[in-house]
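Before any comments, here is the structure.
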Amino acid sequence: MFRFALFCFFVVSISSFDAFAQASAGYSQEPELVQRGEVVFQSLCASCHTFERNAIGPELSRVFFRAEKQWIFNFIKDPQAVIDSGDARARELQEKYSSVMPSFGLSDADIEAVLAYMYANRRKLRNKELKETSKGKGLEDPIPEKIADSGIVLELEAFCAIPPSSETLPVARINKLAGVHDKGEERIFVNDQRGVLYEIVQGEARVFLDLAKRRPEFVHTPGLATGFSSFAFSPEFESDGLFYTQHAESGDAAVADFQLPPGRKAKLQYVVTEWQVEAGTRASIEGEGRELLRIEMVDTSHGMQELAFDPYSRRGDRNFGLLYIGVGDGGASYIGRPDLIEGAGLVWGTVLRIAPQGTNSGNGKYGIPGDNPFADGVGGLPEVFAHGFRNPNALSWSSDGSFYVADIGHWQIEELNRVEAGKDYGWPRLEGTFEIDLLNDQSQVYPRNGDYGDVVDPLLQIDHDEMMAIAGGFVYEGSQLPLLKGAYLFGDIATGRVLIASDLNRAKAKAEDVKLSIAGKITSLTELAGNERGDLRVGRDAAGEPYFLSKTSGNIWKVVGASRP
């Protein structure tokens with residue numbers, strides 16, 4: 001996933017005496033400061049770092065033995081400034097991780113508190129580095145081929161800016177844009193993960209649902225994806241007024257329908273809720289909603305990712321009215337628990353498929369479609385449609401019935417999968433088409449050597465020298481951009497780079513670069529957002545036309561043209 005490590009340091013060789021002397025220099029252990037640092041750390045850092053093992057970023061148990069305090073302080077305060085100063089370590093890290101996280105705008109006092117908390121949670125310096133796995137040295141460049149330029153330029157037009165939900169960075173956390181037909185009108189909605197669903201009316205964002213106010217246990221921290229993560233409108237919204245949301249609550253908020261094994265405490269719970277509004281009106285939602293299901297998460301990363309209905313399905317089709325739910329691995333990979341994400345018999349790392357108006361589920365609040373691959377409970381959970389995903393962040397369909405799932409990768413590989421019922425898509429045994437060893441060095445991938453005959457390979461895989469985290473999109477079938485017809489439009493969350501995938505009907509798709517322009521001038525998402533991190537999301541209105549969102553700035557642009565100059 002994201003390599004915007006807050007603290008990314010190479011191991012240096014120093015004597016034990018010098019190391020421990022350096023580690024004890026200047027780090028306060030005042031209890032109130034440590035407690036304050038924990039709050040900041042859990043909000044901004046915990047989704048990328050642990051003190052036990054490498055995760056999105058490196059483990060932090062040795063940070064104090066790798067660099068002096070002032071260097072660490074400066075790097076936390078403004079990573080880009082340290083890089084721009086010519087600092088050799090920072091430059092080397094930028095090259096290794098391909099990107100840099102933006103400054104969080106922390107005060108000096110908050111940085112001191114974070115350092116105090118980290119020091120309090122350090123482990124003793126181990127005598128040896130993480131042992132090299134029995135697989136040997138990992139692949140240095142898993143996919144040597146580079147992405148070519150399509151020659152296409154997409155013309156953008158400013159569409160809307162969502163109101164700030166914070167006075168400090170990130171000022172917003174918009175995650176999804178979707179449209180719905182309603183009484184002959186096309187309506188557009190955007191959610192902020194801090195708890196609000198907006199409708200965009202003539203360029204103005206109006207509150208449609210303040211979910212945070214309706215759910216006392218609602219949380220949007222810690223973690224980059226925590227909070228109000230997705231929403232979906234019933235395919236018959238014009239007549240039934242139904243729509244669905246998913247959001248995070250505290251780990252002990254209620255009794256969950258899908259619970260962790262005994263002995264594991266949930267960090268978060270994710271909840272799917274049904275709401276109803278009078279179709280054709282713009283009144284904000286006043287009801288309390290109906291809870292459909294609740295899932296515990298072992299950690300704060302990769303929770304529920306997206307809710308979606310097949311927009312091409314019509315009444316009488318097998319897929320009509322069925323709600324698909326992307327469920328991440330809950331961070332199990334980071335804490336060395338692949339047992340929580342192996343197979344269709346567990347809810348984590350899956351795509352679920354349910355009938356919201358049915359009642360034959362275990363809790364009686366939704367239905368199990370009779371043609372689900374494990375509807376009888378044999379071989380997997382009845383709700384599971386497909387499994388083997390790490391972080392299925394975007395679900396979409398094309399008019400030919402193909403179902404696409406964009407899966408955010410771990411350390412090396414980003415995936416686009418064409419998904420079929422009951423199939424296994426590899427995680428945690430494979431990252432892309434490569435082997436991984438979650439119990440050792442998770443940053444490595446290895447040539448495929450085992451028997452994986454039951455695993456379906458990705459339709460498209462891209463390694464991290466090209467992109468850091470896939471921002472899933474959809475197959476373009478609108479009417480305004482003929483150059484994109486039949487191509488899957490997507491990009492890189494981190495850098496804001498926009499790509500298309502063509503040759504979708506072949507065994508392997510091909511990715512190509514596209515450029516962006518506004519008012520005829522070539523630009524980039526980071527330049528438009530005024531943010532060194534693009535935080536790209538790809539949206540789609542009811543007519544199938546695309547939009548680009550910059551999550552942390554709250555800005556949205558519509559794609560209004562496509563050309564090959």
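A few comments on the model shown:
- Take every Cα pair under 8 Å whose residues are at least 6 apart in sequence, average their separation, divide by the length of the stretch 132-273, and the relative contact order is 14 percent.
- P(r) histogram, all alpha-carbon pairs of the stretch 325-480 included - 10 Å bins from 0, percent: 11, 39, 34, 14, 3
- Probe 1.4 Å, accessible area per residue of the stretch 454-512, Å²: 33 Å²
- Long-range amide H partners of ALA386 with built H, under 5 Å: VAL351, GLY422
- Positive minus negative residues near GLN480 (Lys, Arg vs Asp, Glu; Cβ under 15 Å): -3
- Cα-based Rg of the chain normalised by 2.2 N^0.38 Å, two decimals: 0.94
- Karplus-derived 3J(HN,Hα), 6.51/-1.76/1.60, for each residue of the stretch 329-336, Hz, glycine and proline x: 7, x, x, 4, 4, 5, 9, x
- Computed magnitude of the charge dipole of the stretch 512-565 (debye, nearest 20; Cβ of K, R +1, Cβ of D, E -1): 80 debye
- Alpha-carbon centroid distance for the pair the stretch 431-456 / the stretch 359-392, whole angstrom: 26 Å
- For the stretch 390-471, the spread of Cα coordinates along the three principal axes comes to 41, 28, 17 Å, biggest extent given first.
- In order along the stretch 353-364, phi translates into HN-Hα couplings of 9, 9, 9, x, 8, x, 9, 8, 7, x, 9, x Hz, rounded to whole numbers, per the Karplus curve 6.51 cos²θ - 1.76 cosθ + 1.60 with θ = phi - 60° and x for Gly and Pro.
- Applying the Karplus relation 6.51 cos²θ - 1.76 cosθ + 1.60 with θ = phi - 60° to the stretch 146-155 yields 3J(HN,Hα) values of 9, 6, 8, 8, 6, x, 8, 10, 9, 8 Hz, where x marks Gly and Pro.
- Counting only Cβ charges, +1 for Lys and Arg and -1 for Asp and Glu, the dipole size of the chain around its Cα centre is about 600 debye.
- Solvent-accessible area assigned to carbon and sulfur over the stretch 444-525 amounts to 49 percent, based on a 1.4 Å probe.
- Placing +1 on each Lys and Arg Cβ and -1 on each Asp and Glu Cβ, with no other charges, gives the stretch 185-282 a dipole about its Cα centre of roughly 620 debye.
- The stretch 432-565: relative contact order in percent, alpha carbon pairs under 8 Å with at least 6 residues between: 18 percent
- The alpha-carbon positions of the stretch 213-360 define a convex hull whose volume is 129 Å³ per residue.
- Only helices enter the 222 nm calculation for the chain: every DSSP H run of n ≥ 4 contributes -39,500 (n - 2.57), and dividing by all residues gives -3500 deg cm²/dmol, rounded to 500.
- Hydrodynamic radius of the stretch 141-230 per Kirkwood, over alpha carbon pairs, in Å: 15.7 Å
- Shape descriptor for the stretch 321-385: Rg over Rh equals 1.02 (Cα atoms; Rh from the Kirkwood inverse mean 1/r).
- Counting Lys and Arg as +1 and Asp and Glu as -1 over every other residue whose Cβ lies under 11 Å from the Cβ of ASP257, the net charge comes to -1.
- Overall shape of the stretch 457-512 was characterised from the C-alpha gyration tensor. The equivalent ellipsoid obtained from it has semi-axes of 19, 15, 8 Å, in decreasing order.
- Equivalent ellipsoid semi-axes, the stretch 481-565, via Cα gyration tensor eigenvalues times 5, rooted, Å: 22, 14, 13
- Selection from ALA113, PHE548, THR495, by position along the positive dipole direction of the chain (Cβ): ALA113
- Accessible area per residue for the stretch 294-415 is 27 Å², calculated with a 1.4 Å probe on protein heavy atoms, without ligands, DNA or RNA.
- Residues whose amide H falls under 5 Å from that of GLY195, counting only those 5 or more places apart or on a different chain, are PHE228, with hydrogens built in the peptide plane.
- Selected from GLY263, ALA308, ALA375, residue furthest toward positive end of dipole (the chain; charges at beta carbon): GLY263
- Kyte-Doolittle at least 0.5, axis length at least 15 Å by Cα - qualifying DSSP helices, the chain: 108-120
- Charge dipole (the chain, unit charges on Cβ, about Cα centre) - positive-most of PHE208, VAL351, PHE320: VAL351
- Relative contact order of the chain, defined on C-alpha pairs under 8 angstrom at six or more residues apart (%): 14 percent
The values are calculated or read from the model by the stated rules, or taken from the named source; none is laboratory data. It should be emphasised that the depicted structure is a prediction, and the values quoted were computed from it without experimental measurement. Note that we place each Cβ from the backbone using ideal geometry, even for glycine, and neighbour counts take in every protein chain shown. Just the protein is used for accessible areas: all its heavy atoms, side chains included, with ligands, DNA and RNA removed. Shrake-Rupley method; radii C 1.70, N 1.55, O 1.52, S 1.80 Å.
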